[in-house]
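Below: one structure, written as structure tokens.
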Amino acid sequence: MRIAMVSEHASPLAALGGVDAGGQNVYVARLSEELARRGHDVTVYTRRDSADLPDRVPLPGGAVVEHVPAGPPEAIPKDALFEHMPAFAVHLSRVWLRERPDVVHAHFWMSGMASQIGAHPHGIPVIQTFHALGTVKRRHQGRDDTSPIERIGIERQIAHTCERILATCTDEVQELAAMGVSSSRVSVVPCGVDADHFHPGADTADAPAREQRHRLLACGRLVPRKGYDQAIRALTRIPDTELLIAGGPPSDRLNTEPEARRLLKLAEEQGVADRVRLLGAVEPRRMPALMAGADLVLCTPVYEPFGIVPLEAMACGTPVVATAVGGHRDTVADRRTGRLVPPGDAPAIADAARDLLGHERRRRRFAAAGRERVLARYTWRRVADGAEQVYRQTALGRELRTEVA
């Protein structure tokens, strides 16, 4: 099949850990690579954010990234990209007139808008993955939500007019139902993890030296909703334990990052500054060792559309303490691969962490079960199986309707 992936702000080439770089980048990159290895012709369309970028860049496996001219060729926060989506759509329509894909898979709401505009003249079916819904963001961020005011209305329109929705977790299906979208129009295909890269045997010699008896690790984008402040508050109730936080800008630029400064100030106020270390950006090749070298991985966001970090930790054989939000409720099997706790509840985080740190045999059991769960459900091969099935059914359904008409 000829497959067009549209990911307007989340390039598969972007460095992880930045404000707008995270799980969606990984999802688009790994799914595209796996599909290309199966012989599909995959092109990822993402916005050109630098004048120095080549027009097309190959990915491992044979997929290609095409940089779309839409707005100035410079970094722009994703919430400010809305005005450039018409230009993005015009480019897609022009390209697809010359080389029509069998199916378009749009990632995020602005990609969905541009894809539907670009695909409509050519009768190309569009499959939508939202990755995050505006209704959820508005509910949790309120006045701090910087999304364009049009977002929720456009998402609702996309959800009702796209060919099919590919959701990443059951929580998203429920949110879509609240928007009036029938579950019959939704397929659940989760995010995945590279279980060869993230594995229990990673060499931990490269990890930072341990300074306490136990080590907790939290990682991801350095933004308030990730809940690192709750992990720091929980640490005050967990003796003989250090907390490492990986993510954000390089370590030598952490002092310029507002969220890093806020967290370090909080650690001082809570009396645990000597047990909290912010590592800054960590190279992907070093993450398995960092995870495998921790006793527990904490994933404590206030909300999380899916959350790949628990899968990476479980693949490394490290138990997880995670807030019971979004995709965490699918991926983390409570009391089997880790613990689920209420969001925003630092005492509950501390209680779960202390319990696991005090029972090494239980941690080992959770570690083995976590790895087994990842291999059974969350490899990129399994994710590509699900996506490929949806693509084929969607393309075939469109062909049959066209023939009947």
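Each reported figure results from applying straightforward, stated rules to the coordinates on display, with no laboratory input. Everything numeric in this text was worked out from a predicted model, so none of it was measured. Every residue, glycine among them, receives a Cβ derived from its backbone with ideal geometry; neighbour counts consider all protein chains shown.
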Inset, instruction - Note down the magnitude of the dipole of the chain about its Cα centre, charges +1 on Lys and Arg C-beta and -1 on Asp and Glu C-beta and zero elsewhere, to the nearest 20 debye. - result: 900
Inset, instruction - With an 8 Å cut-off on Cα pairs and a minimum separation of 6 or more residues, tell me the relative contact order of the range 204-377 in percent. - result: 23
Legend entry - Candidate lysines - alpha carbon under 23 Å from residue 78, same-chain residues fewer than 8 apart omitted: 137, 226
Legend entry - Extension reserve of the residue 223-residue 53 stretch, reckoned as 0.36 nm per residue once the Cα distance is removed: 58.5 nm
Inset, instruction - Would you please classify the overall shape of the range 204-377 from the alpha carbon gyration tensor, given that a ≥ b ≥ c denote the square roots of the eigenvalues, rounded means a/c under 1.5, and beyond that prolate means a/b larger than b/c while oblate covers the rest? - result: rounded
Inset, instruction - Enter the angle in degrees (range 0 to 90, nearest 10) between the Cα long axis of helix 360-377 and the first principal axis of the Cα atoms of the chain, meaning the one along which they spread out most. - result: 10
Inset, instruction - Can you put 264, 278 in order of Cβ neighbours within 10 angstrom, beginning with the fewest? - result: 264, 278
Legend entry - residue 286 versus residue 178: modelled label distance in nm, points set 7 Å from Cα along the beta carbon direction: 3.9
Legend entry - Net charge dipole size for the range 204-377 [Lys, Arg +1 and Asp, Glu -1 on Cβ; Debye, nearest 20]: 500
Legend entry - Counting DSSP beta bridges with both ends in the chain, the antiparallel % (nearest 5): 5
Legend entry - Where a label projected 7 Å from the Cα of residue 236 along Cα→Cβ would reach, residues of the range 262-278 with amide N under 15 Å: 263-276
Inset, instruction - Which order do the peptides 336-342, 165-171, 250-256 take when ranked by the mean count of other beta-carbon atoms within 10 Å per residue, highest first? - result: 165-171, 336-342, 250-256
Legend entry - Cα→Cβ-extended label distance, 7 Å offset, between residue 256 and residue 359, nm: 4.7
Inset, instruction - Just rank 164, 392, fewest to most, by other beta-carbon atoms within 10 angstrom. - result: 392, 164
Legend entry - Computed label-point distance, nm, for sites residue 336 and residue 324 using a 7 Å Cα→Cβ extension: 1.6
Inset, instruction - Quick one: order 242, 83, 372 by neighbouring beta-carbon count within 10 Å, fewest to most. - result: 83, 372, 242
